[in-house]
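> I'd like to ask you about the structure that follows.
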Amino acid sequence: MLTIPLGVYSTWAFVLPSLLAFLFLLWLMSKMGGPMAAFVCATSLMMWGSAQTARMDVSFTAFIVLGAWMLQQERLLAAGVAFGVATLIKGPMAPVIGVVLFLLEWWHLRRSPRGVVPAIAAMAVIPLLWFVPAMLIGGSAYTHEVIVKQTIGRAISTWVHNAPPWFYILHLPGILFPWFFVAVAALRGANRFYINWILAVLIPYSLMSSKLDVYMMTMIPPLALLIADSVEDSRPRLSGQRRAAVLHANRLTLAVLIVPVAFINRVPNEAKPLLIILAVAAALSLFAWKSEILSTIAVGIVPLVPIVYAALTMMPMINDIGSTRRLIAAIEKQRVAPESVALYTCPYLWSRDFPRELERVRYVDADNIGQPVVIAVMRSHANEIAATLRNYRRVDQLQMIGKWFDVYRR
């Protein structure tokens, strides 16, 4: 809908929902755990970065948080509505997380609150209000794609992103960056609800066949609450020990952030200032901010300093690397009609200065590629259309978004 007032070529039409969801999420976090919880959540690089992209994950996470908060207050109907909306945003893992969290809490408290049936009904009916009409309109092929391939297939026998059950455990340092060490330190004496929430995310996703790091975004809010709780713990017996553990973890994190500068000669020249800035900011914080609260703030801010510097000084280069501008330039260099260009296993063309006529290029599969004048293909998939490419010669090559692409001309 935002494309109506903003246009289809405005990035705001696609990024604004993520930013609004991010603000909503931070408001929820501040209500649940105060400013420190919101700060930790906001400065998790996965969360911070995703809030600036056209992804559904931040919105999905926000409604998972709302559902968990309502569940904590035993407002089951409101929790069911929140998990139902999350399902509408990004699929059936929302009710899975909600049900597992409810069962873990039920087991812990040894009692079941009232209103379970209405909550389950709300959680199921809300997404069905959209999915049933979508199935009727889309037909059997659409229904099979969504239920069998995208849902059941990803859960038990995925064709993409397949990984073993311990995948997320091994990736946690990167997923939780920069809060991994602090989160580990905060586990001692942690609120049982936060632990159950973490398990309700980690266990189901680990059992699924398809795995991506971004799926763990829904685990960041309970960890942020856990960290904030440990920093502000006022219990006489545990508070000193927990705060000391957090302080040591903060110092360890800041020390680790200095280490990359030792490899400065192994990175491109454009990245060297970023490593220097990161090391200087981490070193200053390590020696200047010695309380658990200030050192926690430093852990959140220091990794953002080089990113902000890059955003202010390196955006043209970043756009060139991160967008499809290089592929657009390669296609324009061939000087052919857009309709005679076929893109196979290529991302959809987009850049800030996107030429409108390239809307007419063809995105093809192996069985409908035809005989275009120009074919662009991801190099790793070129063998899939080798028979067609025999009649073409390679006229250009480029690296884009970390992958190699080739341009062929008949």
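The values are calculated or read from the model by the stated rules, or taken from the named source; none is laboratory data. In this text the structure is predicted, and so the values were computed from the model without any measurement. Backbone-built Cβ (ideal geometry, glycine too); neighbour counts: all protein chains shown.
> Restricted to region 349-405, and to residues that are part of a loop (DSSP other than H, G, I, E, B) and among the aromatic types (Phe, Trp, Tyr), which residue is farthest from ALA13 (Cα to Cα)? Write out each step before concluding.
We begin by selecting, within region 349-405, every residue part of a loop (DSSP other than H, G, I, E, B); these are 349-355, 361, 365-373, 390-392, 401-402.
If we keep only those that are among the aromatic types (Phe, Trp, Tyr) as well, we get 350, 354, 392.
Numbers: TRP350: 14, PHE354: 16, TYR392: 39 Å.
Checked region 349-405; the qualifying residue farthest from ALA13 (Cα to Cα) is TYR392.
> Can you pull out the residues in region 97-114 that are small (Gly, Ala, Ser) and either surrounded by 16 or more Cβ atoms within 10 Å (Cβ to Cβ) or within 15 Å of ALA68 (Cα to Cα) (or both)?
GLY98 - this is the single residue of region 97-114 that is small (Gly, Ala, Ser) and either surrounded by 16 or more Cβ atoms within 10 Å (Cβ to Cβ) or within 15 Å of ALA68 (Cα to Cα) (or both).
> Is there a residue being under 30 Å from ASN250 (Cα atoms) and of a type outside the set (A, V, I, L, M, F, W, C) anywhere in region 313-334?
Within region 313-334, one or more residues are under 30 Å from ASN250 (Cα atoms) and of a type outside the set (A, V, I, L, M, F, W, C).
> Also, I was wondering about something else. Of everything in region 257-280 that's in contact (Cβ under 8 Å) with a residue 24 or more places away in the chain and under 26 Å from the mean Cα position of the chain (by Cα), which residue is farthest from ALA190 (Cα to Cα)? Step through it out loud before you land on a result.
Quick first cut of region 257-280, residues in contact (Cβ under 8 Å) with a residue 24 or more places away in the chain only: 257-258, 270, 273-275, 277-278.
Still in the running and under 26 Å from the mean Cα position of the chain (by Cα): 257-258, 270, 274-275, 277-278.
Values: LEU257: 26, ILE258: 29, GLU270: 42, LEU274: 35, LEU275: 34, ILE277: 34, LEU278: 31 Å.
My answer is GLU270.
> Which residues, counting only those in region 344-396, are out of contact with any Leu (no Cβ under 8 Å at 6 or more places or on another chain), among the β-branched types (Val, Ile, Thr) and under 17 Å from ILE331 (Cβ atoms)?
Matches in region 344-396: THR345, ILE369, VAL373, VAL374, VAL395.
> Sort out which residues of region 24-82 are crowded, with 20+ Cβ neighbours inside 10 Å, under 19 Å from TYR194 (Cβ atoms), more than 19 Å from the chain's Cα centre (by Cα) and of a type outside the set (A, V, I, L, M, F, W, C), and write them in order of number.
Listed by number, the residues that qualify are GLY33, GLY67.
> Let me spell it out: the conditions are (1) charged (D, E, K, R); (2) more than 25 Å from GLY67 (Cβ to Cβ); (3) surrounded by 15 or more Cβ atoms within 10 Å (Cβ to Cβ), and GLU270 meets all of them except one. Which number is the exception?
Going through the list (1) charged (D, E, K, R); (2) more than 25 Å from GLY67 (Cβ to Cβ); (3) surrounded by 15 or more Cβ atoms within 10 Å (Cβ to Cβ), GLU270 breaks only (3).
> Tell me whether region 186-208 contains one or more residues that are more than 25 Å from VAL99 (Cβ to Cβ), surrounded by fewer than 24 Cβ atoms within 10 Å (Cβ to Cβ), at pLDDT below 95 and assigned by TED's automatic domain parsing to the domain that holds GLY98.
Going through region 186-208, the residues more than 25 Å from VAL99 (Cβ to Cβ) turn out to be 186, 188-189.
Subsequent filtering for residues that are surrounded by fewer than 24 Cβ atoms within 10 Å (Cβ to Cβ) retains 188-189.
Subset that is at pLDDT below 95: 188-189.
Restricting the remaining residues to those that are assigned by TED's automatic domain parsing to the domain that holds GLY98 gives 188-189.
Yes, that holds for at least one residue.
> Kindly provide the set of residues from region 78-95 that are among the aliphatic types (A, V, I, L, M) and at pLDDT 95 or above, ordered by number. Walk me through it before giving the result.
Our first condition is that a residue be among the aliphatic types (A, V, I, L, M); within region 78-95, this holds for 78-79, 81-82, 85-86, 88-89, 93-94.
Across region 78-95, the qualifying residues are ALA78, ALA79, VAL81, ALA82, VAL85, ALA86.
> Take the residues in region 281-324 that are surrounded by fewer than 19 Cβ atoms within 10 Å (Cβ to Cβ) and within 30 Å of VAL373 (Cβ to Cβ); name whichever of them is nearest to the chain's Cα centre (by Cα).
Restricting to residues being surrounded by fewer than 19 Cβ atoms within 10 Å (Cβ to Cβ) and within 30 Å of VAL373 (Cβ to Cβ), the top hit is GLY322.
> Moving on. Among the candidates GLY84, GLY49, which residue alone is free of Cβ contacts under 8 Å to residues at least 12 places away in the same chain and not hydrophobic (A, V, I, L, M, F, W, C)? I'd like the intermediate steps shown before the answer.
Numbers: GLY84 fails: free of Cβ contacts under 8 Å to residues at least 12 places away in the same chain.
So the residue among GLY84, GLY49 that is free of Cβ contacts under 8 Å to residues at least 12 places away in the same chain and not hydrophobic (A, V, I, L, M, F, W, C) is GLY49.
> Turning to a different aspect of this structure: Pairs under 6 Å by beta carbon, first residue within 16 Å of ILE126 (Cα to Cα) in region 88-111, partner assigned to a loop (DSSP other than H, G, I, E, B), six or more apart or different chains?
Pairs that qualify, where the first residue is within 16 Å of ILE126 (Cα to Cα) and the partner is assigned to a loop (DSSP other than H, G, I, E, B), are ILE89/MET56; LYS90/MET56.
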